[in-house]
1. Checking ASN462 against (1) surrounded by fewer than 19 Cβ atoms within 10 Å (Cβ to Cβ); (2) more than 19 Å from TYR490 (Cβ to Cβ); (3) in contact with a Pro (Cβ under 9 Å, 6 or more places away or on another chain), which test does it fail?
2. Would it be correct to say that LYS380 is closer than 27 Å to ASN258 by Cβ, out of contact with any helix residue (DSSP H, G or I) (no Cβ under 6 Å at 6 or more places or on another chain), without any contact (Cβ under 8 Å) to a residue 40 or more places away in the chain and not small (Gly, Ala, Ser)?
3. Of the conditions (1) assigned to a helix (DSSP H, G or I); (2) without any contact (Cβ under 8 Å) to a residue 60 or more places away in the chain; (3) of a type outside the set (Phe, Trp, Tyr), SER482 fails just one. Which one is it?
4. Scan the stretch 274-292 and tell me whether some residue there is hydroxyl-bearing (Ser, Thr, Tyr) and modelled with pLDDT under 95.
5. Cβ-Cβ below 9 Å, separation at least six or inter-chain, first residue in the stretch 52-77 and closer than 30 Å to ASN155 by Cβ, second in a helix (DSSP H, G or I) and among the acidic types (Asp, Glu): which pairs?
6. Counting just the residues of the stretch 485-507 that are assigned to a loop (DSSP other than H, G, I, E, B) and of a type in the set (D, E, K, R), which one comes out modelled with the highest pLDDT?
7. I'd like the residue in the stretch 480-507 that is under 33 Å from the mean Cα position of the chain (by Cα) and farther than 27 Å from SER170 by Cα and, out of all such residues, is surrounded by the most Cβ atoms within 10 Å (Cβ to Cβ).
8. So SER276 passes all but one of these: (1) small (Gly, Ala, Ser); (2) farther than 26 Å from SER135 by Cα; (3) not in a loop (DSSP other than H, G, I, E, B). Which condition number does it fail?
Amino acid sequence: MDIIIKQLEIQKQIQVTQSYVDKEDNKYTFLAFDKDRQFSIRAFCLASDQNSDISDDKLKSAKQFAQNLRECNHQSILKYIEDFQIDKYYLVVMERFEMNLIDWQYKNRLKKKINRNQFLKIALDLFKALEYLHSKNLLLQNLTLKNIYLDQDQNLKICDFNFPQEIVPSIATREFIASKTYNLELYLPPELYDSSKNQLAKQSKIFQEKEGDIWSAGICLYGLIGGTLLLIKKLTNGSAFFQFQEQLDKDISQFLMNIFWQNPKLRPQISDLIDSIQQLQNIQIEQIQEEEDFNPEFIDIYNKGRDLYSNEQFQESIDLLKTALKIQPQHHLLLNLIGSQYLEIKSYEECNEYFLKAIQIHPQNSFAYKCLGHSFLNLKKLDEAVIHLHKSIEINPEISHAHNLLGVCYERMLLEDKAEQQYKIAHNLHPQQWLPLRNLGLLYLRKKNFQESEYWLKKSMNIIPNKQDPLIKLSFLYFNQSKYEEALVYCKKALEIDPLKEEPIQNIAKIYYHLGQYDEAINRQKKAIQMNENMEKNMYFTLAYAYLKKFKYYQSPTKKITTKMME
């Protein structure tokens, strides 16, 4: 980066005042000026990854970036000025911006309330830009907070887009999972998330779709107002509930939640999102802007600690945030953050200690009560879990995760009717989340109400089509009804998602056994054993009986298997 900054000064008399690293050793963005004007610059390194020669592909990509900007005319897209090459760098000069959204986020992170009008304007600008790009068959490329910009009048600007690209989900998923706050390059939509253990073998390419842009834009907005990278990763793989952020008005949070459908076919259209934002802009909510005068050292420590949390460096974050606690011991959001990390690492006693402190400072802390309930549930202290979850719901009746956790508590207490009620409330509050539906399906399965179980499990499958769990549970449901052909269909669908998942392989072996297809049963069971020799002993029994059924008498393979089974 220093080399090109120096060359700009020497060859073009351009002074760089601020630099952003978009991708280390590859792509940078500068704020700069010359004697006549101020502007921004996107710099592309053209050096080949294999040697010092210029890469034709990188040069083509950089020129395409410039051409895309040249051909676009929209108030939320940075205006193209010129492009040129200096040695092994290709530079595109654009209109100036003042900050990126990471800068904006850091300035607003500790405010009690995010400015409603300002946030809605950012959201509206972003989706209007997206609508324009889609009309030209252009899609976002690696959009994150670091490459969404604001000008001096707080108008949003973007520049990273292209025609639909081919993506290898297994590679994109590995990069997304490994990403940290400092090197995040993309927010991966769920339809491109590959949960397979066999990612190296799954190299098929998929073209980007417009629905993925809607997810990515929504995630950018959610990250802007407090959604951590850790939470965003969990939302992407379907393992987390949407969290209402305390600093954001509830109606805006509900708007964001409605974007995050795992199934891209269920996501709202951009035109509907624009209409929703404009309706929200017409609702005037008085916001008391209480500005807290934080010590700059505290702000710096808090932001660094929060980034460590996002990067799953929990103990480092806890240690750092405890130093911030010495500066601001009465900051309940800080206590919440420390408590959340103890919950992540399953240190439940410490988790409870910090959330109880947070509640003493801020008694209407529904998030803290919910996390305490979750902690007590994991400690198997169900009565205490129920008390704290009820308190969380009393403060905020719309916190769907608390209702789902309460359902789990009631189910473990054998209060099935109450569990059913809580799961349904959780689903109604958060229809984008599949877990309450799965829980209902399993609850009805245990009650042997197969029709209701099938209904809820299929509904959960529709919400999260790339998840194996509903498919495996549906297979189990049909197996319990001796509907072996249907059970086989769903096991095979589960294996399409992850060919190395043991459970559906084992289940297929059992199904073939019951269908009388003993060769298939034996082959599947052998494959399962090769994957995990330490599996449950009844799996060896299944294989042994398959041999018995096939040969009608004890053969040497059976003796060998029985010996293994008896060890």
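The values are calculated or read from the model by the stated rules, or taken from the named source; none is laboratory data. Small disclaimer: the values here were computed from a predicted structure and weren't measured. Here the Cβ is made from the backbone with ideal geometry for all residues, glycine too, and neighbour counts use every protein chain on show.
1. Result: ASN462 fails condition (2) only.
2. No.
3. (1)
4. No, because not a single residue in the stretch 274-292 is hydroxyl-bearing (Ser, Thr, Tyr) and modelled with pLDDT under 95.
5. These pairs meet every condition: GLN75/ASP125; SER76/ASP125.
6. Going through the qualifying residues, I end up with ASP498.
7. That would be ALA487.
8. Condition (2) is where SER276 drops out.
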